[in-house]
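Reading through the structure tokens given below for one structure.
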Amino acid sequence: MPQPSSEQPTDRNNASTDINPVLALKELVARLHREQHKIQDLLSSLGFALRSFNNLNQFLELIPLMATRVTDADGGALILYKANGQVKLEQLHCQDSSQQKIIRKALETATSVVTASLTAAQLVPATATLDAQVSSQLGGDMQLFGTTILVKHTERGRLYVFSANPDYTWTEDRQKLVRLIADQTAVAIENGELTVELRKKERLDRELEIGAEIQLQLLPRQCPTIPGVTLAALCQPANRVGGDYYDFIPTNHDRKNSLASQVSPRWALVIGDVMGKGVPAGLIMTMTRGMLRGEVLNGHSPARILQHLNRVMYADLENSHRFVTLFCSEYDPDTQVLTYSNAAHNPPLLWQAATKTIKRLDTLGMLIGLDAHSQYENAQVQLRTGDTIIYYTDGFTDAASQNGDRFDEENLIRVFGWACKHSLEPQSILEYLFDKVRQFIGTVSQNTDDMTLVVMQIQ
């Protein structure tokens with residue numbers, strides 16, 4: 001009788017042994033695919049949040065959570081360095097909510113110790129010091145990994161991920177994932193700061209627009225009607241708010257007598273420039289305008305007006321390190337006499353029709369705000385029919401070409417003389433002079449200073 005084969009059970013065992021590795025391999029591959037998809041989904045969600053969230057704090061809340069999940073760790077913490085030197089636990093996530101308070105207290109203790117150790121010269125802690133404190137407070141058995149948050153090559157904090165599992169290891173792949181999340185955190189912080197700066201700029205732009213509107217309203221909206229005189233004027237700021245100023249102010253020394261005798265009122269014609277540009281210059285010029293108008297209405301002479309302005313404004317201008325140039329004149333339509341005084345402003349140019357020559361209208365006088373005891377003097381000129389005066393600021397003579405050459409007073413005298421010889425009207429003279437300066441500057445360059453011009457012609 002044949003004996004049963006002893007190899008039959010062995011064959012079954014071999015078959016079972018051959019099948020198990022295949023199943024295990026398939027299961028391993030499937031698990032790897034699941035892990036890969038999970039990581040991709042989490043990182044995709046983080047990328048979507050980075051693009052969509054307008055609130056930086058909302059995005060930062062996700063960072064420890066995402067770092068924990070993509071690495072299968074127990075928790076994560078985001079620690080940021082503040083501008084005031086404080087090291088702060090910004091966000092914390094723990095898979096085990098019962099451990100949340102304990103870990104938060106440990107990390108806050110670590111950041112407090114590190115903050116206390118910083119000096120005025122060292123606002124960013126050494127990485128090794130912070131890592132040692134965090135590791136010490138969490139306990140030596142905690143599997144800890146940290147990476148730096150770098151914004152524009154500057155350390156702004158650390159992202160930590162930890163696990164209490166003794167078998168947990170920080171593989172190279174896990175470290176790369178944490179660094180990837182740290183990089184996205186840096187991008188979010190930079191974007192958040194850029195957004196804040198943009199909003200500040202938008203507010204500043206709006207304030208500048210309001211300032212420009214106010215300043216424009218303070219300048220004469222149109223030239224007044226003065227008997228026997230034709231006027232044209234234009235102020236072109238280099239920025240939205242400028243430091244140039246011009247004005248026409250009726251003096252009205254004796255309003256009742258003037259009305260009774262039908263005497264034409266005298267007019268103050270002034271032009272000024274604050275050293276500097278932008279909002280500070282605009283504010284000083286606005287202050288100057290208010291004070292000057294008050295002095296004119298008090299009936300003072302041009303020299304006395306400049307002297308009073310200088311004494312009143314000296315303290316404020318000294319503290320601001322800015323000065324004002326100002327040319328103040330008063331025209332009497334009945335006598336055609338112009339009385340004037342200059343506080344170091346560009347002297348107006350007078351075209352005398354009878355002699356076809358140009359004269360500079362100037363007197364001795366210091367800048368407003370340079371010396372509290374400066375003295376100013378009056379001068380007079382008798383105007384005749386056809387005489388033309390241009391009041392201007394240094395934006396004209398300092399205008400530079402692409403080669404760096406200045407337009408200067410000599411060129412201004414030349415083109416002004418040409419315009420007067422060809423009997424141009426004030427508005428045409430104004431446009432002609434502006435065009436000549438623009439041609440001199442060129443289309444590529446842009447004038448960096450305010451440009452103001454007033455043309456006065458005796459009819």
- Subset of the stretch 169-225 that is assigned to a helix (DSSP H, G or I), modelled with pLDDT under 85 and of a type in the set (A, V, I, L, M, F, W, C) - its residue that is nearest to the chain's Cα centre (by Cα): L204
- Looking only at the stretch 287-301, and only at residues there that are among the polar types (S, T, N, Q) and not in a helix (DSSP H, G or I), the one that is surrounded by the fewest Cβ atoms within 10 Å (Cβ to Cβ): N298
- Would you mind stating whether A353 is out of contact with any strand residue (DSSP E or B) (no Cβ under 9 Å at 6 or more places or on another chain) and of a type outside the set (D, E)? no
- Query: Within the stretch 359-370, which residues are more than 16 Å from V454 (Cα to Cα) and either among the aliphatic types (A, V, I, L, M) or open to solvent by less than 50 Å² (accessible area, probe 1.4 Å) (or both)?
  - Reply: T363, L364, G365, M366, L367, I368, G369, L370
- Task: Provide a single number: the residues in the stretch 414-448 that are open to solvent by 40 Å² or more (accessible area, probe 1.4 Å) and within 27 Å of C223 (Cα to Cα).
- Result: 16
- Note on the structure: Flagged in the stretch 120-146 as more than 16 Å from K88 (Cα to Cα) and under 37 Å from the mean Cα position of the chain (by Cα), in numbering order, are A120, A121
- Message: Please count how many residues of the stretch 423-451 are within 18 Å of K359 (Cα to Cα) and part of a loop (DSSP other than H, G, I, E, B).
- Response: 1
- Can you tell me which residues in the stretch 371-392 are under 25 Å from G243 (Cβ atoms) and buried (at least 18 other Cβ atoms within 10 Å of the Cβ)? S374, Y376, I389, I390, Y391, Y392
- Meets criteria (touching a Lys or Arg at 6+ places or on another chain (Cβ under 9 Å) and acidic (D, E)) for D362: no
- Check T443 against each of (1) more than 30 Å from T225 (Cβ to Cβ); (2) modelled with pLDDT of 95 or more and name the one condition it does not meet. (2)
- Query: Which of the residues that make up the stretch 332-351 are of a type in the set (S, T, N, Q) and open to solvent by 50 Å² or more (accessible area, probe 1.4 Å)?
  - Reply: T335
- Query: Failed condition for G395, given (1) in a loop (DSSP other than H, G, I, E, B); (2) crowded, with 17+ Cβ neighbours inside 10 Å; (3) small (G, A, S), with all others met?
  - Reply: (1)
- Task: State whether one or more residues within the stretch 404-413 are without any contact (Cβ under 8 Å) to a residue 40 or more places away in the chain, in a loop (DSSP other than H, G, I, E, B), open to solvent by less than 60 Å² (accessible area, probe 1.4 Å) and more than 23 Å from R304 (Cβ to Cβ).
- Result: yes
- Is it the case that some residue within the stretch 357-378 is part of a loop (DSSP other than H, G, I, E, B) and over 30 Å from D316 (Cα atoms)? no
- Any idea which of (1) part of a strand (DSSP E or B); (2) of a type outside the set (D, E); (3) under 19 Å from V455 (Cβ atoms) is the one G386 doesn't satisfy? (1)
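The values are calculated or read from the model by the stated rules, or taken from the named source; none is laboratory data. No experiment lies behind these values; they were computed from the predicted model shown. No Cβ is skipped: glycine too gets one built from the backbone with ideal geometry, and neighbour counts run over all protein chains shown. Remember, those area values only see protein heavy atoms, side chains included, never the ligands or the DNA or RNA. Shrake-Rupley method; radii C 1.70, N 1.55, O 1.52, S 1.80 Å.
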